[in-house]
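S.K.: If you scroll down you'll find the structure; I have some questions about it.
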Amino acid sequence: MKVIGGLLAAFGLVDMIGSFIGLDVWGEWIRVDLPDAVWSSTAYIEIGIGCLLFNMGSKGPVNVDDDDSQGASEPSVGSDGE
């Protein structure tokens, strides 16, 4: 997931930089004609989805025996005023 997210975010950056210098990545490279409302925000959508996928891939597997899960149900020492 991290690799796909990173590649999609990098593609979004190329798309954004290309739009500033007059390069239409979707129209010239991929040969897809997008409506103007979608075309103006494709770079932001690609970067957003890429970052989302990258962050989803950064999370490790959920460990049931994690200390945080046990600490919430057990009272801490000295919490009863002693």
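Throughout, read-outs are computed from the coordinates displayed, never taken from laboratory work. Just so we're clear, the structure is a prediction, and the values are computed from it rather than from any experiment. All Cβ positions, glycine included, derive from the backbone under ideal geometry; neighbour counts span all protein chains shown.
S.K.: So how far apart, in nm, are the two label points at Ile21 and Leu34 if each is 7 Å from Cα heading toward Cβ?
M.R.: Roughly 1.9 nm, to one decimal.
S.K.: Which cross-chain or sequence-distant (5 or more) residues have an amide H under 5 Å from the amide H of Asp24, H modelled 1.01 Å from N in plane?
M.R.: Excluding prolines and chain starts, which carry no amide H, there are no hits.
S.K.: Of Lys2, Lys59, how do they rank once you tally other Cβ atoms within 10 Å and put the fewest first? List each step's numbers first, then the result.
M.R.: On the way: Lys2 12, Lys59 8.
The order, fewest Cβ neighbours first, is Lys59, Lys2.
S.K.: Normalised by the number of residues in the stretch 2-59, what is the relative contact order in percent for Cα pairs under 8 Å and 6+ residues apart?
M.R.: 60 percent
S.K.: How much length, in nm to one decimal, is gained on full extension between Ile49 and Leu13, taken as 0.36 nm per residue of separation minus their Cα-Cα distance?
M.R.: Length difference between fully extended and current span is 11.7 nm.
S.K.: Further question: Where the Cα atoms of the stretch 2-59 are projected onto their three principal axes, how long is each span, largest first, in whole Å?
M.R.: Extents along the principal axes, in whole Å: 36, 19, 18.
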